[in-house]
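The values are calculated or read from the model by the stated rules, or taken from the named source; none is laboratory data. Values in this document were obtained by computation on a predicted structure and should not be read as measured data. A quick note on method: Cβ atoms are made from the backbone with ideal geometry, for glycine too, and the neighbour counts reach across all protein chains shown.
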Amino acid sequence: MSYLDNLFGPQADRLSRAMTKTADRQSLLVNNLANVNTPGYKRKDTDFNIMLEESMDNFDEVVANRNSGAHRSETSSLRLDGNNVDMEYEVMSIATTEARFNTLTELTSRYFSGLKSIIREGH
């Protein structure tokens with residue numbers, strides 16, 4: 001167990017990793033959108049889904065299972081030029097991922113506010 005885990009508990013690390021994976025996915029989706037007119041470009045995405053309902057006991061197992069296929073390219077094409085980026089799908093995915101990141105940010109803020117409250121009560 002690391003020093004930060006001892007200080008803040010494993011939840012802070014889990015939230016941090018979830019935010020990092022969400023930001024990574026956002027970067028891939030934005031890159032897809034930037035290449036919407038690049039002939040032959042194949043969209044990239046991750047299989048990582050943050051499951052807030054999952055038990056915190058098996059969080060690491062869930063992350064390992066969902067992240068095993070980390071970055072993947074899809075080979076089918078939507079257009080004659082070989083590009084398979086669907087602008088509507090990318091924009092929708094970006095909005096969904098942004099909402100997920102905002103939720104994680106709020107959860108992180110609440111977590112640290114709770115710790116702050118506990119520390120103040122200890123005085």
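Would you confirm, using the coordinates I've provided, whether Ser93 is farther than 16 Å from Asp47 by Cα and either at pLDDT 85 or above or not in a helix (DSSP H, G or I) (or both)?
The answer is no for Ser93.
Looking only at segment 92-106, which residues are farther than 14 Å from Lys21 by Cα and among the charged types (D, E, K, R)?
Result: Glu106, single match.
Looking only at residues in segment 72-90 that are of a type in the set (Ser, Thr, Tyr) and either in a helix (DSSP H, G or I) or surrounded by 13 or more Cβ atoms within 10 Å (Cβ to Cβ) (or both), which one is modelled with the highest pLDDT? Working first, answer last.
From segment 72-90, those of a type in the set (Ser, Thr, Tyr) are 73, 75-77, 89; that's our starting set.
Those left that are additionally either in a helix (DSSP H, G or I) or surrounded by 13 or more Cβ atoms within 10 Å (Cβ to Cβ) (or both): 77, 89.
Working: Ser77: 70, Tyr89: 94.
That would be Tyr89.
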